[in-house]
1. Between 16, 5, which is surrounded by fewer than 16 Cβ atoms within 10 Å (Cβ to Cβ) and modelled with pLDDT under 90?
2. Considering only region 50-83, how many residues are more than 11 Å from the chain's Cα centre (by Cα) and not polar (S, T, N, Q)?
3. Could you give me the residue pairs with C-beta distances under 6 Å whose first residue belongs to region 4-20 and is farther than 12 Å from residue 51 by Cα, whose second residue is buried (at least 18 other Cβ atoms within 10 Å of the Cβ) and of a type in the set (Gly, Ala, Ser) wherever it lies, and which are 6+ apart or on separate chains?
Amino acid sequence: MHEEALLRDLAERVGAVARTHGLLRVRRIRLWVGALSHLEDGALRARWADLATGGPAEGSTVEITRSADLTDPRAQSVVLLDVVGEDDAAAPPG
């Protein structure tokens, strides 16, 4: 499933950012979601809660900016814009 692969990749990227920046806990992630990603906001948030369980992003919130541009080369993608950790400092996505 395309959507599952996108979300698993996202979880891996968030974990990598947390490790790189020494974040013990991720409080919030901010995403850009392409128009052809086939991910609905509610489903994305629910699935994220499952994937984040047991890791540094458990309990984190998800902020979503959704694109309507079908011609964007990233239209099938989910782009990690930033990760906010325990100290409220934004960490770049890597």
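1. Values: 16 fails: modelled with pLDDT under 90.
The unique qualifying residue is 5.
2. 14
3. Close Cβ pairs (under 6 Å, with a partner that is buried (at least 18 other Cβ atoms within 10 Å of the Cβ) and of a type in the set (Gly, Ala, Ser)) amount to 17/91.
Condition check ((1) in a loop (DSSP other than H, G, I, E, B); (2) surrounded by 14 or more Cβ atoms within 10 Å (Cβ to Cβ); (3) at pLDDT below 95) across all residues:
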| residue | (1), (2), (3) |
| --- | --- |
| 39 | yes, yes, yes |
| 47 | no, yes, yes |
| 51 | no, yes, yes |
| 58 | yes, no, yes |
| 84 | no, yes, yes |
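The values are calculated or read from the model by the stated rules, or taken from the named source; none is laboratory data. From a predicted model like this one, the values you see are computed outputs, not experimental measurements. Because the Cβ atoms are built from the backbone with ideal geometry, glycine has one as well, and the counts that use them run over all protein chains shown.
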